[in-house]
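Visitor: Dropping a structure here in structure tokens format, bear with me for questions.
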Amino acid sequence: MGRRSRNKILVPEARQGLDELKAKVAGTTNPDQAKFEIAEEIGVPLKEGYNGKLTSEEAGKVGGRLGGNMVKELVKMAQENLKNKQ
């Protein structure tokens, strides 16, 4: 049984942009494959379907890497936007 994400996007219209950003930071064109790309990079044996044998640490490494890189990219974009407005 898979775990459902509790994260809700406050602006539903932003879904496509966030998916594109996720794919960009993972180095893929498909946002659904992003977590698998990150897992492969860091050596975590993530696969489609049930991953009950993953430790919390391994799962956290994948999510943390992906989310952390998305936040870094968003900060960079905001800084560039502010710089261009000046």
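Read-outs throughout are calculated quantities, based only on the coordinates presented, and are distinct from any laboratory measurement. Here the structure is a predicted model, which means the values were calculated and not measured. Glycine gets a Cβ as well: all are built from the backbone with ideal geometry, and neighbour counts include every protein chain shown.
Visitor: Of all residues in segment 46-74, which are within 21 Å of Glu20 (Cα to Cα) and either among the polar types (S, T, N, Q) or part of a loop (DSSP other than H, G, I, E, B) (or both)?
Guide: Glu48, Asn69 - these are the residues of segment 46-74 that are within 21 Å of Glu20 (Cα to Cα) and either among the polar types (S, T, N, Q) or part of a loop (DSSP other than H, G, I, E, B) (or both).
Visitor: Filter segment 9-39 down to the residues that are charged (D, E, K, R), surrounded by fewer than 16 Cβ atoms within 10 Å (Cβ to Cβ) and either under 14 Å from the mean Cα position of the chain (by Cα) or within 16 Å of Glu73 (Cα to Cα) (or both) and list them by number. Outline the logic, then answer.
Guide: The initial filter retains those residues of segment 9-39 that are charged (D, E, K, R), namely 13, 15, 19-20, 22, 24, 32, 35, 37.
Now narrow it down to the ones that are surrounded by fewer than 16 Cβ atoms within 10 Å (Cβ to Cβ): 13, 15, 19-20, 24, 32.
Once the filter is applied, which keeps residues that are charged (D, E, K, R), surrounded by fewer than 16 Cβ atoms within 10 Å (Cβ to Cβ) and either under 14 Å from the mean Cα position of the chain (by Cα) or within 16 Å of Glu73 (Cα to Cα) (or both), segment 9-39 yields Arg15, Asp19, Glu20, Lys24, Asp32.
Visitor: Report, by residue number, each residue of segment 41-56 that is over 19 Å from Thr28 (Cβ atoms) and among the hydrophobic types (A, V, I, L, M, F, W, C).
Guide: Leu54 - this is the single residue of segment 41-56 that is over 19 Å from Thr28 (Cβ atoms) and among the hydrophobic types (A, V, I, L, M, F, W, C).
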